[in-house]
Each structure stands twice: as structure tokens, then as C-alpha cells.
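Trainee: Here you go, one structure.
The values are calculated or read from the model by the stated rules, or taken from the named source; none is laboratory data. A quick note: this is a predicted structure, and the numbers were derived from the prediction, not measured. Don't worry about glycine lacking a Cβ; one is built from the backbone with ideal geometry, like all the others, and counts go over all protein chains shown. Areas reflect the complete protein model, heavy atoms only, side chains present, ligands, DNA and RNA absent. Shrake-Rupley method; radii C 1.70, N 1.55, O 1.52, S 1.80 Å.
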Amino acid sequence: MPARLPSWAWVTGLTVGAIAGVAVLAVQADQGPRPAPTAAVRTSAPAAGAHPTPTASATPAVPDGSGTGRRIVYSVGQKRVWLVDASDATRRSFTVWPGTVSPDPGTYTIGGRTESTTGSDGVKVEHIVYFAVQDGVTVGFSNAVDGSSPPPPSPGAKTGGIRLHKADGTAVWAFATPGTEVRVVT
């Protein structure tokens, strides 16, 4: 009769297996097919004071001067993000809703990630990827758990959340591991 393993051995084995599975999926995601850019369609005019829905048409080229290699490029002026792979190919590009505080142009790195929390606007957000601090405000990418656009900020509020569509938030979460470079351009 075979010896029975203690329960801690099973838990350890399952944990090691899960970590290995996640590592394999991460490598496949980094080397897999490139998803098409997302597009949002506005079906009606926004209410007074509401944020307009970002829209996408033909994906613009990655801005000049945004570096080379694997990186995230964020254009403050275009309100757009590009996920660029190691061969300088755009894997995904999409529009965003910026907060009221924008990071200065420059090079940053992903310094932390939080799976979910409540944003400073009171909305439950997920896939929070932090990369800068500007004027004492932490700046990062996130998406609303329910997929909604952010409410207009309170007058004078300082918000650093760059809100994404839900599918784009999932893509950034998978792409933006700690240490990933973020290039902010005008």
C-alpha cells in the first residue's frame, strides 16, 4: 500500500503547479498573437459635465521619441496608450480617460500593482498598475470593475487614475509587470 502524503505536501504541490502554470501563460501571452486594437463607439452625446467616451479609428503610429523595445507609451495629449513589444511592434493601442493630474513627459517604470480597490472617485477599480507620482498624487492605469467610464471629478479634486476600458485594463495588467518601462509623451 502506498504511503499517504501529508496535507501540507498536497498544498505545496498545488501551489508550485499553479505558479508554473501562470509562468507558462505569461510567456505565451508575451509571445502570442497580437490582439487587434479596441474601439469604442459613442451612440449619443454625453450629458453635460460627463466625460466623453473615448473612440478609436485607425490606430495612430507610436509617437516619435517614445523609446525602443518593450514598453508602454502614454500620450497625454492624444489620451492614448500603446503596448509595444520587444520588436517595436504595437500589440495594442487604445484611448483612455486621464485623471486631473498628468505625469510629466519622461521615462518611468511600473513600480506596483493592485488587483482591486476603490478609486478616489468612489468607483471600484481593478488591474491598477502604478508608475509615477506627480504633485503628491500617485498615477497609474486602471479600469472600473463594472466597465463604466469615470464620473466627472469633484471641483478641485486631484486624481491620478488613468481609466481604461475593461478589456484594455486586462491587457495592461497582463503586459505591465513590475519594472516594465512606461514612456510618457505630450
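Trainee: Considering the stretch 127-161 alone, what residues qualify as being open to solvent by less than 50 Å² (accessible area, probe 1.4 Å), among the aliphatic types (A, V, I, L, M) and more than 23 Å from Ala89 (Cβ to Cβ)?
Mentor: Ile128, Ala132, Val137, Val139, Ala144, Ala157
Trainee: If you don't mind, another one. Inspect all residues belonging to the stretch 146-156 and state whether any of them is assigned to a strand (DSSP E or B) and closer than 13 Å to Gly99 by Cβ.
Mentor: For the stretch 146-156, residues assigned to a strand (DSSP E or B) and closer than 13 Å to Gly99 by Cβ: absent.
Trainee: Additional query: Can you list the strands (runs of 3 or more DSSP E) found entirely within the stretch 1-119 that contain at least 3 residues being under 15 Å from the mean Cα position of the chain (by Cα) and at pLDDT 95 or above?
Mentor: The strands (runs of 3 or more DSSP E) meeting that bar are 71-75, 80-84, 90-95, 112-118.
Trainee: As an exercise: evaluate Pro178 against (1) outside any strand (DSSP E or B); (2) more than 17 Å from Lys79 (Cα to Cα); (3) open to solvent by less than 30 Å² (accessible area, probe 1.4 Å) and give the number of the one condition it does not meet.
Mentor: Going through the list (1) outside any strand (DSSP E or B); (2) more than 17 Å from Lys79 (Cα to Cα); (3) open to solvent by less than 30 Å² (accessible area, probe 1.4 Å), Pro178 breaks only (3).
Trainee: Which residue pairs have Cβ atoms under 8 Å apart, sit 6 or more places apart or on different chains, and have a first residue in the stretch 56-78 that is closer than 19 Å to Phe175 by Cβ and in contact (Cβ under 8 Å) with a residue 24 or more places away in the chain and a second that is hydroxyl-bearing (Ser, Thr, Tyr) and surrounded by fewer than 16 Cβ atoms within 10 Å (Cβ to Cβ)?
Mentor: Gly67/Thr107; Ser75/Thr186
Trainee: Which condition number does Ser120 fail, the rest of (1) free of Cβ contacts under 8 Å to residues at least 24 places away in the same chain; (2) open to solvent by 60 Å² or more (accessible area, probe 1.4 Å); (3) among the small types (Gly, Ala, Ser) being met?
Mentor: (1)
Rundown of residues vs (1) of a type in the set (Gly, Ala, Ser); (2) within 12 Å of Ile128 (Cα to Cα); (3) touching a residue at least 40 places away in the same chain (Cβ under 8 Å), yes/no style:
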| position | (1), (2), (3) |
| --- | --- |
| Ser148 | yes, no, no |
| His165 | no, no, yes |
| Ala171 | yes, yes, yes |
| Ala174 | yes, yes, yes |
| Glu181 | no, no, yes |
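Trainee: A follow-up question, please. I'd like the residue in the stretch 120-143 that is assigned to a loop (DSSP other than H, G, I, E, B) and not aliphatic (A, V, I, L, M) and, out of all such residues, is farthest from Val73 (Cα to Cα).
Mentor: Step one: filter the stretch 120-143 for residues assigned to a loop (DSSP other than H, G, I, E, B), giving 120-123, 135-136.
Filter once more, keeping what is not aliphatic (A, V, I, L, M): 120-122, 135-136.
Working: Ser120: 24, Asp121: 25, Gly122: 27, Asp135: 21, Gly136: 22 Å.
Step by step, filter the stretch 120-143, then rank; the result is Gly122.
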